[in-house]
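Report on the structure given below.
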């Protein structure tokens, strides 16, 4: 592994809420490195800090202390070093949600191409890329369908296509298989593994689904805001 | 990709229904503006009709509209001879009820001397009064048409022409008859009553009085000087046209005007609150989607555009529907509904401001949304 392969480098990250007796430590000096092509799972009981860590890596939540480097770019070191965090998310990070969170007023194709539209792609090229991704994820035949008419599996695959649209190298997934049956969950994880390998991306997923643990390269356990093993 | 249009098309039925509801509200607002304007226009119509410069009325009165006024009919000759007066005409006003085609008509009878000021400015259909007696010109809203006959007092009159928008401040449509007929109508007694008066030896009861004399001045003549001169005759008073109009608005229709004006203000406030609530609620319903958009990298201008565009489309559609509806139904109102392009422009400005302020509240809420809420915690 070379330093260039490190896509996520979190050093000494802490996050606490409140002060004095009401202080809650959501993260306590967490160190985490994720390399290109890696697919890792964040595990732990409710309140252990999984979602907080995901939000910190996703540049949604500012840590109280620590350093965050994404794809070779130091974005946080005691404070945010980038003012355009949304642009950073648009260019470097893809999100997959527990409930697919597709925009109900857009078709499957538009839900994917909207990311490219925001990134400034020409409309035609955006549509082509969206169709390409939907075909790759075997939902191309549902491109013109609105989310309400998609099955859970189809909607989740469209959501994955949206997360991958702008070719991000960091993909964050929050319970990506929670809405899927066991068979579909395995398929989605296999798909994510393939994408990580093909696009030299890394995937960090929060999950409780024991049936898919064997599909991850590493299982990161958190308890009371600390990494307990990996 | 225009997210605002996409969202509207997604929930088109609901959006159209909202626009229609707002359109109905705008119809009521526009109707109230039109009624307010109509009240003022109706009140001034009868004053403006003769296009007079000076009104000569009974001393100590503010006649003939705000108060009753009665002056000798031959005052017209005296006024006509005054320096600076180009023409003068005697005029009477009275309200009567008559029956036509089985319906009771409340009519505002204006008596004038053909060939002298006091008659209508324009006859839209038929001809003017051609004989001294028993012909009339009617406002179109009376429902009378040329050729119809109608009994006024003891005589039957034939409608020979129609005029537009001639009515008193109460909205009663006007009919024009000759001054002689009007004076007869004013004073002629029922036959039985007349016989009693004759038996008592009272004789002819017809006092040759009129309500006012109006004067048209020569170019350059001084209105103030003329009115001052007339007031030197102790039994007469004089008002300029502007004073007469102001008097009518300040006394005759003032309360009705203020009442409708206040109601219009309340209605506009209610509309503003309703529009603001609709837009705010529309935004609140989309907060999860807005959080998702922010999470995937949408800049603030995309979020603001989504909310403001929808607010403006909603406002414009509601106003458009309101304008179409009021134009379709305004002629069915019992009183005149007068809408000027200026009114529509002012209302457009108000709706624009309300939509922008309301969307501002929505934008404020949307920009505060934490993108993390899209992740579910």
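Quick notes
- Of all residues in segment A:145-159 being outside any loop (DSSP other than H, G, I, E, B) and over 19 Å from the mean Cα position of the chain (by Cα), the one that is farthest from the other protein chains (Cβ to nearest Cβ): A:149
- Residues that are touching a residue at least 60 places away in the same chain (Cβ under 8 Å) and part of a loop (DSSP other than H, G, I, E, B) were ranked within segment A:77-121; the one that is farthest from the other protein chains (Cβ to nearest Cβ) is A:100.
- Each residue in segment A:45-68 was checked for being surrounded by fewer than 18 Cβ atoms within 10 Å (Cβ to Cβ) and on the phi < 0 side of the Ramachandran plot, and 6 pass.
- Flag if residue B:237 is in the same structural domain as residue B:126 (by TED's automatic domain parsing) and in a loop (DSSP other than H, G, I, E, B): no
Here is a yes/no grid of residues against (1) closer than 30 Å to residue A:58 by Cβ; (2) modelled with pLDDT of 90 or more; (3) not assigned by TED's automatic domain parsing to the domain that holds residue B:365:
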| site | (1), (2), (3) |
| --- | --- |
| B:274 | no, no, no |
| B:302 | yes, yes, no |
| B:318 | no, yes, no |
| B:321 | no, yes, no |
| B:334 | no, no, no |
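- For segment B:120-129, the criterion of a residue being in the same structural domain as residue B:211 (by TED's automatic domain parsing) and buried (at least 20 other Cβ atoms within 10 Å of the Cβ) is satisfied by at least one position.
- Residues that are within 12 Å of chain A (Cβ to nearest Cβ) and in contact with a strand residue (DSSP E or B) (Cβ under 8 Å, 6 or more places away or on another chain) within segment B:281-337 comprise B:295, B:296, listed in sequence order.
- Verdict on residue B:148 being without any contact (Cβ under 8 Å) to a residue 60 or more places away in the chain and out of contact with any strand residue (DSSP E or B) (no Cβ under 9 Å at 6 or more places or on another chain): no
- Every test in (1) at pLDDT below 90; (2) in contact with a strand residue (DSSP E or B) (Cβ under 9 Å, 6 or more places away or on another chain) is passed by residue A:19 save one, and that test is (2).
- Index of the failed condition, residue A:37 passing every other in (1) in a strand (DSSP E or B); (2) away from chain B (no Cβ under 14 Å): (1)
- All conditions but one from (1) part of a strand (DSSP E or B); (2) within 23 Å of the chain's Cα centre (by Cα) apply to residue B:51; the one that does not is (1).
Rundown of residues vs (1) closer than 18 Å to residue B:211 by Cα; (2) surrounded by fewer than 21 Cβ atoms within 10 Å (Cβ to Cβ); (3) at pLDDT 90 or above, yes/no style:
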position	(1), (2), (3)
B:136	no, no, yes
B:147	no, yes, yes
B:171	no, yes, no
B:176	yes, no, yes
B:189	no, yes, no
B:193	no, yes, no
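- Subset of segment B:57-84 (residues that are farther than 18 Å from residue B:179 by Cβ and at pLDDT 85 or above): B:59, B:60, B:61, B:81, B:82, B:83, B:84
- Residues in segment A:88-103 that are modelled with pLDDT of 85 or more and within 13 Å of residue A:157 (Cα to Cα): 3 in all.
- Comparison of B:66, B:73, B:80, B:86 shows that the only residue that is under 25 Å from residue B:242 (Cα atoms) and in contact with a helix residue (DSSP H, G or I) (Cβ under 6 Å, 6 or more places away or on another chain) is B:66.
- Checking residue A:162 against (1) over 18 Å from residue B:374 (Cβ atoms); (2) within 14 Å of chain B (Cβ to nearest Cβ); (3) in contact with a strand residue (DSSP E or B) (Cβ under 9 Å, 6 or more places away or on another chain); (4) in a helix (DSSP H, G or I), the condition it does not meet: (1)
- Whenever a residue of segment B:118-132 is within 13 Å of residue B:181 (Cβ to Cβ), its partners that are part of a loop (DSSP other than H, G, I, E, B) and at pLDDT 90 or above, lying with C-beta atoms within less than 7 angstrom and at least six residues away or across chains, give the pairs B:129/B:114.
- Enumeration of residues in segment B:1-26 that are assigned to a helix (DSSP H, G or I), surrounded by 14 or more Cβ atoms within 10 Å (Cβ to Cβ) and within 14 Å of chain A (Cβ to nearest Cβ): B:3, B:4, B:5, B:6, B:7, B:8, B:10, B:15
- Any hit, segment A:136-144, residues being outside any helix (DSSP H, G or I), crowded, with 18+ Cβ neighbours inside 10 Å and out of contact with any helix residue (DSSP H, G or I) (no Cβ under 7 Å at 6 or more places or on another chain): no
- Segment B:226-236, subset surrounded by fewer than 11 Cβ atoms within 10 Å (Cβ to Cβ) and either at positive phi or in contact (Cβ under 8 Å) with a residue 12 or more places away in the chain (or both), residue farthest from the chain's Cα centre (by Cα): B:234
- Restricting B:290, B:278, B:214, B:266 to those that are buried (at least 17 other Cβ atoms within 10 Å of the Cβ), at pLDDT 90 or above and within 30 Å of residue B:364 (Cα to Cα) reduces the list to B:290.
The values are calculated or read from the model by the stated rules, or taken from the named source; none is laboratory data. Small disclaimer: the values here were computed from a predicted structure and weren't measured. Heads up, the Cβs are rebuilt from the backbone with ideal geometry, glycines too, and the neighbour counts pull from every protein chain shown.
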